[in-house]
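Quick note: the coordinates plus some simple rules give every number you see, no bench work behind them. Just so you know, these numbers come straight off a predicted model, no measurement behind them. Every residue, glycine as well, gets a Cβ built from its backbone with ideal geometry; the counts of neighbours run over all protein chains shown.
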Amino acid sequence: MGNRMCSYCGGTNLVEEHDVLKLTEPFGGIATVEVIKIKCNECGFIEEDDRNDRVIQKELAILKRNSMIHILRDLNEKGYTNAYMERALGLPARTLARWKNESSMSPSASGSALMRIIRTFPWLLHVADCQFDQEKARTIFLTNAMTESININEQIKNWSVTSGAFTSENYYLFAIGYSRDIPVETISGCQQVFDNINTGCICANQ
C-alpha cells in the first residue's frame, strides 16, 4: 500500500478490507454503503480509510433529503400547510417548499432538528402560533398529553376520545372521556354523565 504506515505501530504490512456500513436518518430510511478498512498485519490494528467519509456524506445527504420530504408530506397530510408552518415558525415564505423540492437547497442541522421535533410533536406548531404564550402553551400541552395517554391504550383504540385541560386562578382541570357513539348528557357546569362510558378526571389545586 505504497508508503502508508499503521497509525498505531508504524508497520507497513497493511491490507485493505471491505465492509458494509448501515446508515440511518430519522424519517429518512436506511441505506448501506461499502467502506474500506485498513488492517495492519503486524499488530492487528484496523482503521478507517480516508475515502470513506466522502462516500458516507454523499449517502447521508440523500437520506437527509428523503427525511425532509417525508416530514413535510406527513405534516401536510395532518392538515398543516407549508404556509401555516412557515408563519408559525417565523420562516421566510417558500422555505419549506425549497427544502422539499430543490436538491441544491438543504436545511441546516438546526433546521433539520427543528422539523424532526415538529414532526414528532406537531402540537408545538400551535404553541408557536400562539407566540409561545405560557398559559396557552400549558393548555395545549396538557390537552395533547391527555389525548395521547388515551390513544396508546389498545383496549380503547376504537373508541371516540375527548379530552381537555382548563385553568383558572384557583385550579387546573384535566378531563378525559371516551365513548362508543353514545350521546353525552350535560347536567351542569363541568359535571357530565356518560351512560356506559368510562371517564377520567383529575383536579389539582394550584
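Points to keep in mind about this one:
- By the count of neighbouring beta-carbon atoms within 10 Å, fewest first, 35, 127 end up ordered 35, 127.
- Site pair residue 57 and residue 12 shows an inter-label distance of 3.1 nm when each label is modelled 7 Å from Cα along Cα→Cβ.
- Sorted by Cβ density within 10 Å, fewest first, the residues 8, 172: 8, 172
- Debye intensity ratio I(q)/I(0), log10, segment 14-125, q values 0.11 Å⁻¹ (C-alpha model): -0.47
- Pairs of lysine residues in segment 14-125 that meet both criteria, 8 or more places apart or on different chains and Cα atoms under 30 Å apart, total 12.
- At R0 = 30 Å, FRET efficiency that the Cβ-Cβ distance of residue 4 and residue 31 yields, to 0.05: 0.55
- Taking other C-beta atoms within 10 Å as the exposure proxy, 102, 77 rank 77, 102 from fewest upward.
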